[in-house]
Protein chains: 2
Amino acid sequence: MKIYDVEGFPNPARVRIALAEKGATERVEFVHVDVMGGEHRTEAFRAKNPDAVVPCLELDDGTHIGQCNAITEYIDATFDGPSLTGQTATERARISMMNTRAEAGLLNAVSTYFHHATPGLGPDLETDQCAEWGNKQRDVALKTMAYLDGVLAENAYLAGDSFSMADITAFAGLSFADFAKVDIPANLTNLIAWREKVAARPSIAA
Amino acid sequence: MKIYDVEGFPNPARVRIALAEKGATERVEFVHVDVMGGEHRTEAFRAKNPDAVVPCLELDDGTHIGQCNAITEYIDATFDGPSLTGQTATERARISMMNTRAEAGLLNAVSTYFHHATPGLGPDLETDQCAEWGNKQRDVALKTMAYLDGVLAENAYLAGDSFSMADITAFAGLSFADFAKVDIPANLTNLIAWREKVAARPSIAA
C-alpha cells in the first residue's frame with residue numbers, strides 16, 4: 001500500500017494520524033508529491049487522482065483511492081486497533097456527522113481562506129483566487145470553532161466519549177488554522193483544552 | 001425514526017431515494033420543515049440540527065443526526081436490502097470517493113451557484129451572496145459532469161458494476177442542475193444514458 005502525499009499538509013496529516021492510531025504507519029510506503037512544483041496537476045498524477053490533490057492511496061492491485069475520508073475509512077476497516085469511524089450504526093453516523101462538520105466548517109473553510117484570501121502557495125499555484133469568498137470562509141471557520149467548543153463542553157471528544165476521525169479532522173483543521181493565522185479565540189477554553197489533550201496522544205506527539 | 005425535510009429538495013431527495021432502494025420508506029415519518037419561511041434557521045430547529053439545513057434524522061431515542069452522508073450511511077446500515085455504501089473495504093472506499101466527487105463537484109457546486117449567483121430562494125433567504133464564487137462553481141459542476149461521463153464510459157455505475165450512493169448523489173445533483181438551469185452538455189452521452197437508466201429505477205420512477 002502506498003500513500004502519495006506531502007508530509008505536514010493538512011489532509012495528509014489526517015491520514016498519517018489515523019495510521020499511527022492503528023499502529024500501521026510502518027505498513028505503508030509514503031511517496032512524496034512535489035506539490036510546490038505542480039506535480040499534482042500533471043497528467044501522470046491526475047491518472048492516479050483526478051482531483052489533483054494529495055493524499056491519494058494506491059492499493060497493491062493498482063487501485064487508486066482519492067478523497068481523504070475514503071482513505072481513512074479504508075485504513076480504519078483494514079488495520080486492527082481501536083475503531084476511528086465507529087462500530088454501531090449510531091456511532092458511525094455520529095462520527096460521520098461530526099467529521100463532516102469539522103471538515104466542511106473548519107479544515108475546508110480555513111483551506112479556502114488560505115488559498116483564496118491570502119497569498120496561499122504563491123502566485124504560480126494560486127491562479128484562480130476569490131478573496132471575497134475566502135474571507136467569508138474565515139468567518140465560517142471561527143463560527144465552527146465556537147460550535148466545537150460548545151460540543152466539547154458536554155463531551156470528552158467531538159463524537160462522544162471516544163476519540164475518533166472527527167477529532168483527527170478537527171485537530172488537522174486547527175493546525176492549518178495556525179498556519180493560516182486564524183487564531184482560536186481565547187474564550188474557547190473547551191476547544192483549547194481538548195486540543196492540548198489530543199496533541200499529547202502518541203499518534204501525534206511521537 | 002423521523003426525517004425532517006422538504007420533499008423535492010436535493011439532499012432530502014438523496015435520503016428518500018436511499019430509503020426507497022432499501023424498501024424502508026414506510027418505516028420513517030417525514031416532518032415538513034418550512035424552509036421558505038425560514039423555519040430551518042429558528043432556535044428550535046437548530047437545537048436539532050445546528051447546521052440549519054434539511055435533512056435531519058431523529059432516532060427514536062431522540063438523537064439527531066445531521067449531514068446527508070451520515071444519514072444515508074445510517075439508513076444503509078439499519079435496513080435490509082442491497083448495500084448502497086459497499087461491503088468490502090475497497091468497495092466502501094470506492095463508493096465513498098465517488099460519492100464525495102459527485103457531492104462536492106456536482107451537487108454542492110450547483111447549490112453554491114444557485115444560492116450565490118442566481119436569485120436562489122429569494123432575497124429574504126439569500127442574504128450573504130458571493131456571485132463571483134457562485135459562477136466559478138458553475139464551471140466546477142460542468143467539469144464534474146465531463147469527469148463523470150468519462151467514468152461512465154468504462155463502468156455501468158459511478159463506483160463500478162453496482163448502483164450505489166454515488167449514483168444517488170450524482171442523480172440528485174443533476175436534478176438540481178436542471179432546476180438551476182445548468183444543462184448537461186449534449187456531447188456527454190454516457191452521462192445522459194446513465195441518467196435515463198437511473199431515472200427508471202423503481203426507487204425514483206415510482
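The values are calculated or read from the model by the stated rules, or taken from the named source; none is laboratory data. Everything quoted here is computed from the prediction, not taken from an experiment. Methodologically, a virtual Cβ is constructed for each residue, glycine included, from the backbone with ideal geometry; neighbour enumeration extends over all protein chains shown. Each accessible area value is taken on the protein alone, full model and side chains, heavy atoms only, with ligands, DNA and RNA left out. Shrake-Rupley method; radii C 1.70, N 1.55, O 1.52, S 1.80 Å.
Some points to look at:
- Residue that is surrounded by the fewest Cβ atoms within 10 Å (Cβ to Cβ) [pool: residues in segment A:42-67 that are under 16 Å from the mean Cα position of the chain (by Cα) and more than 9 Å from chain B (Cβ to nearest Cβ)]: A:Val53
- For segment B:22-45, the set of residues classified as in contact (Cβ under 8 Å) with a residue 24 or more places away in the chain, on the phi < 0 side of the Ramachandran plot and not charged (D, E, K, R) consists of B:Ala24, B:Val28, B:Phe30, B:Val31, B:His32, B:Val33, B:Val35, B:Met36, B:Phe45, listed by residue number.
- Restricting segment A:101-110 to residues that are open to solvent by less than 30 Å² (accessible area, probe 1.4 Å) and under 17 Å from A:Ala13 (Cα atoms), the residue that is nearest to the other protein chains (Cβ to nearest Cβ) is A:Ala102.
- Scanning segment A:81-91 for residues that are within 9 Å of chain B (Cβ to nearest Cβ) and either modelled with pLDDT under 95 or in contact with a Ser or Thr (Cβ under 6 Å, 6 or more places away or on another chain) (or both) gives a single hit, A:Ala89.
- Test: B:Phe163 is open to solvent by less than 30 Å² (accessible area, probe 1.4 Å), within 25 Å of B:Glu7 (Cα to Cα) and either out of contact with any helix residue (DSSP H, G or I) (no Cβ under 7 Å at 6 or more places or on another chain) or within 14 Å of another protein chain (Cβ to nearest Cβ) (or both): yes
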